[in-house]
Each structure stands twice: as structure tokens, then as C-alpha cells.
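See below for the structure under consideration.
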Amino acid sequence: MKLVVGLLWMLACALPASAAGAKARLWTIEDIVTAPEINSVAISVDGGRALYIVRQADLVSNRKVSALHLVQLSTGEDRVVARGAWMEEARTVPQSDDWSVLADIGSGVQLYRVDRRGGVTPIVVNPSTVVLGKVEGAVELYRLMEAPLSFGVLSYRFSPDGRTLWYSRAFADPSPVAKPLVDADVTQAFSTPRRTAPGRVEFRLRRENGDDERVAERPTSDRPAVEEGGAPIWSRSSDAVRFTLAGKRVVFELHSTVPRSADDASFSSEDFASRLSKVGYRLGEGDPRVPGSWLSSDGTRAVMGVRYNADDPRGGLIVVDPQHVEAAIGTTGGLTACDFTPRLDVGVCVRQGMTIPPELVRVGVADRRVTRILSLAPTHDEIAPLRVEPRVWRNPRGYQATGFLVYPREYRAGRRYPAILVTHGSDADERFASADFQWQYPVQVFAERGYVVIAVNDPAPSQSETLKAAVTQWSASTPGPVTPAQLQDEVWLSEVELFEAAVRDLAAKGLVDVDRVGIAGYSRGSQMVNVTMTQSTLFKAGSSGDGGYLEPSAYYLEYLRESYVNVYGGSPYAPAALENYRRLSPTFRADRAPGAILQQISGLYQTMIEFHDALRAAGKPSQMTLYPGETLSADDTHLFHIPSNRLAALQENLDWFDFWLRGMETPEASKQEQYRRWRDMRDARAH
């Protein structure tokens, strides 16, 4: 009896309090789909309350929804004050007890005020909403990678005294009379066949007396105008605002009628970066994933969001005090969204990690203590955490990459396991079931199923001048000193070497069965899956999501032409460039694929069809799966926004790797046609 009690006690100690005992359960695919996202928090001026937004998939309605929460920080009392299709950018209104938020609660995305009791009233409502998704072949807004949205208000910033509001809004141009297209216009139409209808973005000021004036406007094809509303920075005295117009900095003074060119000497003393430098912090390049940056109202102290990349990728905070001393705010996991009071004495943050469901925490600036307020994912707290370890891997060139190792639930030392390497870019970090990283790849369920999951980031370009020069040349508008072959070696082939080194390292440690290793990734990760599967013999199955870059036909997409010249040296029909295509392009190397390749897509991409056809022609197992409904209002999405599609895609990936790496099939009647196709592909390859 004592032995049983002792074992139960050890199990309880091994799990968080919320996951210990009878509530502990295993991961499901539904858990991945419904994992909450919290990207915006705002604390009241007195530090007593906070507003935050939870975005989550609703499996019943089969859509994502947002909820606006108001919480008492001293008690953790929490309630929902509004629900809607989408919400973001919750902020404290300066010199006020209220908050502001962009939200679609039935009339498109508009700007609202939330009072201390949770009452929601409109600030700006623009009935002439415009659906925005993609422009000129590029995603306009990071937030729109999920789905096109109907916008009345795009962005906003209150002046420091709270009396003046800067905001931007979009409106559609009248439908033009269709005319024949000639030469470059034809190429442009082919390059962006899903282009959003043309429109304009207005930058506007609303004053305390209600006057509302247009300051400037830009076409919706101007990505910065749509994305950030000109990235406004208010002067500390609230009498001027600096913003970007047509790629140039300009200043609008409240007593003037037109913007003037920005003179850094006359304005920089008022901007955020300069004021931070006064407290001894050198502002470097920002990372959109850091929790943010704040300066105290007296200008003597700052809290800076940072991203730790050396060996344990995560977001964090440092405090810069009046003596210019920097001190880190230490905590487990990562801090992913924060806000602080004007005096910078206390703040709230979202803390989460690979095994830590999101939770709201209080951050004391003076003592740098972090204390839990409440869980933001109570149903996920019931899941028994998996074993996850941060890792650093190095390739033969000396480049290192960070990442994580996720162990099988029933891991036993000395046993070799099948493995899946998952890659995207640089966002394998301390976040919980993040779709930004793992997309439709069920990392946690893979581990429940007995796989080792190897989560790998790209090597940081800053660690090598050679790599940095290649990455810079990749996006340059004109050819430079880095040759196509050198660029290919540094950006893609060296990373294949790194993946191989990671797998062989784990195999040498007795953890991974080197004959049962797969690879998965979307977007940038899709490039690496396709290249790896046609350059290495180590990976026996791959899943490539929403990619296709590097295939020959993309040379003829206008917005990719310059990068293809840098990567390949020219057209696939140019004799001087042909060898470079043969050297790297997955389509040209399809016959070398050592295993089956699945491509999951949200839209019809010629490049992915091209690679699929090349694989089939070479007798290689290949499947493309198009998930319907992800293309809305003539714009392709990148992160699936329909929960049923995510569920199906996650399950398909699980079935795919089970079949090709382990020879496993499940008995559900609905999957028998799938398995018949895969058996036919396997048998055809065998002959």
C-alpha cells in the first residue's frame, strides 16, 4: 500500500498542480486546434485592472472567434465584456481610466472604447469597409496571414495627452472600366492573380473638439501604409506626429495644415528611440515577437522586450534603471505580450512555453518578480506536460541553430524512436502549440504517438559574415558579389547539412532510428523540406506546406523575379543559369527524392503543381491536398482559419508519417481510400 501511495505522490510531483491527479490527460489534435492565442494586453493606469484578447477556434461554429476579457489583477476575477469575429491592439487611453481596441463585433473592424466597468462604445466607425488580404503578391498584415478581413479602421495611436487620435482607414476605389492589358500589365496580372481590389488608405486626425481631418492618403498597394498606418510616433508634448509617407519620414504639426519633411535634428529628441538612449539603452533592430518596450512617464527608466536566441529561444524583458544598469526579469518559459503602467512600477504579461499553457502574470519592475494571476487556457492545463528540452545544433560549416527536442510520451532510454524534424524559420521558441511554428504538423500528438520531434530554427545570419552577405543578397534588387552557387550553399544547402547533423547526433546518442526519419515545414520551412528531400537521402518522408518557392515557373512571377536572378542567375531557359537550377531546384532534382512527399495547400500554386508533376514523372510517391474555403475574397491565406481544415490537415500529416515511416494504417472506413492511394504509390515505387 505504501508503495502505491509513493508512486502516486511521485506522479503528482512530476506534473503541474493543474495537471496532476485525475485531470491529467494526453494531447489530442483538437487540443492543438483550440489552443488559445493571446497577442494583446493592456493594463489600467492605476495597475488594478487589465484588458486582454483571447482568439480561439470554435469547433461548433467551425470558425475562429475573439473574446475581450477584463480582469481584476488583485483577485483574478475575470469576465468577458465583448465577443467578435476578430480583435487586436488593446491599449490604455492616455490620461484616462479607459482602454481602446480594434474589433469586429458585427460591423467590420472599427475602433472602440472600453470603460473601467467593461462598457464598450464606438470611437471611430467607418461604414465604408474594405476587405484586405494580399497586395502585390505579399501579405500586407501579419495578422492577415490567417484570413482576409473587412476593415473600417486599420490602425490608430492616441497622443500622449490623450486629446488627439491618429488613425488610418481604407476605402475602395470605384470599379474601373475593364481595358486590354499590354506587356508589363499582362505580366503583373499573371504575377498577382488574386490581387485585392484597388483602394486608398487615409491617415486622419481626430481632435478633442471632434474635428476630424485627412492628413494624407496612400494606395492600398503601399504595404507600410496598410500595415502600420504610417508607423506614427507622437512627440512627447503631443503637438506633432511623425509618420512615413511614400517611404519618407514626414512630420505633421497640429497647428499646421500640411505635413513637412522630417528633420531628425528637430524631431528625434522627442521620439521613443532617442528617449530610450537617454537611460542608457542602445535601441537595436526590433523583433515583432518581443513583448514590447516602455519608458516611464518621467523618462528615467525603461523596460525593453528582448528575444533570447543563444540557446533557449524565448521572449523576455530587461529593466534599464537610472544608473543605466540592465537587469533581466527572470522567469520560466517566455513572455509574449505585455503592458506596463505609465510610472513603470508594475505590468502584466502573458507567459507561456512549449509545455506551459498561456497564463496572465504580474510583473513587478522594482523587484523583478513574476507572479501568476490566472490561467488563460484552463482546459489545456489538464494535459500532462511532455518532456521538452532546448537544444543547439551545429553543421560542418560551424553554423549553429537553436531549437527544441520533444520526447515521446512513453520514452525509455536505450530505445530508438522514429523522428519528425519540423522547421519554419526562427520561431521554434517558448510558445504553446504555436501555429506560427508548427502549422498543420501535430507536434504534440506525434510525441504521444511515439515520435521524437526535432524542432529546428534557421541559423542566425549574424553569426557569420558569409551567411549574412548571402541572406542580404537573396533579397537585393540587383545582383551582387555573392554568386548564385554561393547563395545556394549558404541559405539552403548548409541548412540541409545542419538537419543531417542534428539527426545523426541524436542517432549517435541512441535516441533516433535513422531509418525512420521524416521532415515537415511550411512557407520558408516548405523550401527546406523540398530542398532536403531532393538533396539528402536521410529523410524517408516529407510534408511541405503552402510553399513552392525555388521552382522554375516562379521566375515569371514579377514580385519574385529579382530574387530568382540572385538565386539562379536568370531564367530557367537561360543557358548560363540552367546549371544553377539543376543544382538546387527541387523540380529539377525530383528524381533524387528518397521518399514520399505530401504538399498541403490553401490555394492553387503553379509551383507546387510543378514539383508534384515532376515527382510523379520520376516515379516518386507524391500527393497534393488542397483545403477548400481558405481562399476568401480572391485572396489566399497562409495560416488556415477554418478549424475543420486544420483538424483534417493535422490528421493527414499524422496518417502520412505513420504510413511511410512505420507502415501503420488506422481502420476507420473514411480513410480507406486514402490508404489505397498510398499503397498504390508505394507498390509502384517498389516496381
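Data table
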item	result
Ala576-Leu626 FRET efficiency (beta carbon distance; Förster radius 30 Å; 0.05 resolution)	0.25
Per-residue [θ]222 nm for the chain (sum of -39500 (n - 2.57) over DSSP H runs n ≥ 4, rounded to 500)	-6500 deg cm²/dmol
Under 13 Å, Cβ to Cβ, from Ile519 - net charge with Lys/Arg +1 and Asp/Glu -1	0
Computed accessible area, Arg369, all protein chains, 1.4 angstrom probe, square angstrom	140
Extension gain, Asp173 back to Arg561 (0.36 nm per residue minus Cα-Cα distance, nm)	136.8 nm
Debye log10 I(q)/I(0) for the chain, one point scatterer per Cα, at q = 0.10, 0.12 Å⁻¹	-1.07, -1.52
Set Lys509/Lys620; Lys509/Lys540; Lys248/Lys468 screened for pairs whose C-alpha atoms are more than 24 Å apart	Lys509/Lys620; Lys248/Lys468
Ser128 versus Arg504: modelled label distance in nm, points set 7 Å from Cα along the beta carbon direction	6.3
Those trypsin sites (Lys or Arg not before Pro) in segment 504-552 that DSSP places in a loop and that have at most 11 other beta carbons within 10 Å	Lys509
Probe 1.4 Å, protein heavy atoms only - accessible area per residue of the chain in square angstrom	42
Rough spin-label spacing in nm, given labels placed 7 Å along Cα→Cβ, for Val392 and Thr28	4.1
Highest-first arrangement of 75-81, 463-469, 404-410, where packing means the average Cβ count within 10 Å	404-410, 463-469, 75-81
Dimensionless Rg over Rh [segment 557-687; C-alpha; Kirkwood]	1.03
Chain lengthening between Val80 and Thr332 when straightened (0.36 nm per residue, less Cα-Cα)	87.9 nm
Per-residue SASA entry for Ile318, accessible area with 1.4 Å probe, Å² rounded to 10	20
Calculated FRET efficiency for the pair Asp683/Thr379, C-beta based, R₀ 60 Å, to 0.05	0.90
Nearest-0.05 FRET efficiency for Thr666 and Gln95, computed from C-beta distance (R0 41 Å)	0.10
Rounded percent of accessible protein surface that carbon and sulfur make up, the chain, 1.4 Å probe	52
Net lengthening on full extension, Glu213/Asp239 (0.36 nm per residue, minus Cα-Cα)	7.8 nm
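The values are calculated or read from the model by the stated rules, or taken from the named source; none is laboratory data. All figures in this text were calculated on a predicted structure; none of them were measured in a lab. A quick note on method: Cβ atoms are made from the backbone with ideal geometry, for glycine too, and the neighbour counts reach across all protein chains shown. With ligands, DNA and RNA removed, areas are computed over all heavy atoms of the protein, side chains included. Shrake-Rupley method; radii C 1.70, N 1.55, O 1.52, S 1.80 Å.
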